[in-house]
Amino acid sequence: MPNTVRVVLSGGPDWTEVPAVWDVASVEAEPKVKILCGNAYEHFEFSGSYTDHQGERMPVYRWCRRTYVAE
């Protein structure tokens, strides 16, 4: 994605395969993200904090909940 911000995803259940880094348009435009993992969505919110990840300063999005895909 051009002109995106890389963010660090933190937390969530141990068995969930969520990537460690995710791209968003901007923290202001996307303060929350949801990622499809199997039959559920993992939800993350901007925590207000930043971390150094692989030599780059990135916003931290913390896991806040899971919802399931409706059939």
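The values are calculated or read from the model by the stated rules, or taken from the named source; none is laboratory data. This structure is a prediction, so every number in the text was calculated from the model and none was measured. Please note: Cβ atoms are built from the backbone with ideal geometry, for glycine as well, and neighbour counts cover all protein chains shown. Accessible surface is based on the protein model in full, side chains and every heavy atom, while ligands, DNA and RNA are left aside. Shrake-Rupley method; radii C 1.70, N 1.55, O 1.52, S 1.80 Å.
The residues of the stretch 6-18 that are open to solvent by 50 Å² or more (accessible area, probe 1.4 Å) and in a strand (DSSP E or B) amount to a single one, Arg6.
When Pro13 is tested against (1) at pLDDT 95 or above; (2) in contact with a strand residue (DSSP E or B) (Cβ under 8 Å, 6 or more places away or on another chain), exactly one condition is not met: (1). Quick check on my filter: what residues within the stretch 30-51 are at pLDDT 95 or above and farther than 12 Å from Cys64 by Cβ? Glu30, Gly48, Ser49, Tyr50, Thr51, listed by residue number.
Residue pairs whose Cβ atoms lie under 6 Å apart, sitting 6 or more positions apart in sequence or on different chains, and linking a residue in the stretch 44-71 that is among the acidic types (Asp, Glu) to a partner that is open to solvent by less than 60 Å² (accessible area, probe 1.4 Å), are Glu45/Cys64. State all residues of the stretch 19-71 that are loosely packed, with under 14 Cβ neighbours inside 10 Å, small (Gly, Ala, Ser) and not in a loop (DSSP other than H, G, I, E, B); if no residue qualifies, say none. Matches in the stretch 19-71: Gly48, Ser49.
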